[in-house]
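Novice: The structure that follows is given in the form of structure tokens.
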Amino acid sequence: MNRPIRVLSLYEGFFAGGARILHTDLIAGLHSGAGQRHSVLSIASAARRESTIQHLHNDPRYLRLTQSGVEVATLGRLGGLDAPAPATFTERQLRIAANAVRQADMILSLKEQPIGLLLALRERGLMPDIPVAACLHRSDPRHSGPALSWLSEAASNGLLTAEISCAQSTSDAYRPFLAPTTARFVIGNGIDTDRFRPGTDDEQASTRRRFGIPAAAPVVVFAARFDAMKDPGLFLRSAALLSQQRPETHFLVCGAGMTVENDAFRTLVQDSGVTAATNLHALGIRDDMPAIYQIADIVALTSAFGEASPLCLLEGAASGATPVTTDVGDSAVTVNGIGFVTTHDPATIAATWDAVLDQRPELRNQSLSARARFGRQRMIAEYSAVVSGLLGSNRAAA
């Protein structure tokens with residue numbers, strides 16, 4: 001082939017979340033290299049998530065792609081908690097989608113939710129015979145709702161060529177729902193270590209002043225959306241306990257729905273034992289996470305289920321923070337040698353945070369010494385090889 005490989009990524013929508021951050025970073029990197037040209041079709045142009053409405057054209061992921069020269073189109077739907085079923089797509093939406101897939105040599109589906117669109121195209125004879133790979137980012141497929149059945153249907157009827165998991169726990173969890181002929185790959189997450197890096201003294205001082213945090217105060221960062229999967233209540237209960245031992249500690253919670261304007265979040269704060277003396281900063285969705293991680297002593301994750309290879313642990317550690325996580329998905333593997341794994345008991349979590357703060361210089365050095373293993377170039381190279389390989393296999397079989 002003399003021209004570049006044309007790869008179309010399908011997004012359910014553009015909204016805050018680790019999978020969208022990672023996939024956007026991935027295809028921007030692939031698009032900038034030789035041999036591949038990427039585009040995106042988003043089912044939704046706005047999404048209602050975690051008590052917010054997030055619009056495509058304001059989303060940092062959308063802006064990153066368009067600034068990188070990646071074309072982004074949308075079907076113009078309003079996204080919600082449930083992915084759109086195949087029967088709900090209008091003729092106009094299917095025409096837009098058919099035109100997009102007709103110009104592609106291969107499709108990457110960001111998670112299983114967009115597969116319903118491809119099934120709708122196939123039912124109407126509008127789906128070309130090209131490789132389709134689902135990029136999977138959870139370790140609990142049964143929480144995917146009806147989208148899991150669409151993934152299984154696509155695997156059984158041959159529409160789905162492959163799945164690419166970001167963690168071994170993800171690949172293992174989805175295996176029972178795929179066909180024996182579905183190719184399976186595990187490509188670990190990587191991040192932009194130029195963006196997520198330790199801050200200079202001046203940078204850290206500036207960020208602390210912006211949030212009203214004293215220079216020597218310990219900082220615990222929780223970067224997660226307001227969702228039962230992330231168990232924000234467990235984080236807040238742990239924060240309340242640590243605050244009793246170390247009242248000078250500041251707790252920064254970032255993510256969709258993590259604001260006092262969210263009634264459910266506010267109720268959770270009140271029920272957790274957090275008081276005005278806890279130094280809780282409810283920051284919501286942020287576009288300055290590198291600066292926030294740079295002032296963190298601890299990046300915390302208290303998820304109850306569903307995690308695969310959480311980006312916040314990598315991003316925080318690359319910035320010098322010590323990751324402390326519950327044992328969900330590949331989280332324990334991610335923090336091996338640089339962080340700590342806890343139970344889901346708030347007293348245990350608070351005690352672990354306390355112990356980390358007692359060892360900050362040594363633990364910070366451990367995180368920073370591991371930065372080389374967090375980089376995204378390995379991930380981009382492995383994805384490039386998989387895309388080329390799947391396309392080559394498809395053409396050989398034709």
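Novice: Among the helices (runs of 4 or more DSSP H) confined wholly to region 232-314, which include 3 or more residues that are open to solvent by 40 Å² or more (accessible area, probe 1.4 Å), more than 19 Å from residue 205 (Cα to Cα) and free of Cβ contacts under 8 Å to residues at least 24 places away in the same chain?
Specialist: Here the list reads 263-272.
Novice: Take residue 221 and decide whether it is open to solvent by less than 10 Å² (accessible area, probe 1.4 Å), among the hydrophobic types (A, V, I, L, M, F, W, C) and under 24 Å from residue 366 (Cβ atoms).
Specialist: Here the answer is yes, as residue 221 does meet what is asked.
Novice: Right, next: Of all residues in region 74-125, how many are over 23 Å from residue 27 (Cβ atoms), without any contact (Cβ under 8 Å) to a residue 60 or more places away in the chain and not in a helix (DSSP H, G or I)?
Specialist: Total meeting the criteria: 7.
Novice: Quick one: which residue in 94, 121, 117, 108 is hydrophobic (A, V, I, L, M, F, W, C), touching a Phe, Trp or Tyr at 6+ places or on another chain (Cβ under 7 Å) and open to solvent by less than 30 Å² (accessible area, probe 1.4 Å)?
Specialist: Just a single option satisfies the conditions, and that option is 117.
Novice: Would you please name the residue that is modelled with the lowest pLDDT, looking only at residues in region 140-166 that are open to solvent by 30 Å² or more (accessible area, probe 1.4 Å) and among the small types (Gly, Ala, Ser)?
Specialist: Within region 140-166, the match that is modelled with the lowest pLDDT is 145.
Novice: Could you check region 341-378 and list, in sequence order, the residues that are within 20 Å of residue 190 (Cα to Cα), of a type in the set (A, V, I, L, M, F, W, C) and open to solvent by less than 70 Å² (accessible area, probe 1.4 Å)?
Specialist: 368, 370, 374, listed by residue number.
Novice: So, residue 179, is that one in contact (Cβ under 8 Å) with a residue 12 or more places away in the chain, open to solvent by 10 Å² or more (accessible area, probe 1.4 Å) and part of a loop (DSSP other than H, G, I, E, B) or not?
Specialist: Yes: the conditions hold for residue 179.
The values are calculated or read from the model by the stated rules, or taken from the named source; none is laboratory data. Since this is a predicted model, take the numbers as computed values, not measurements. Note that each Cβ is placed from the backbone with ideal geometry, even for glycine, and that neighbours are counted across all protein chains shown. Just so you know, the surface numbers come from the protein's heavy atoms only, side chains and all, with ligands and any DNA or RNA stripped out. Shrake-Rupley method; radii C 1.70, N 1.55, O 1.52, S 1.80 Å.
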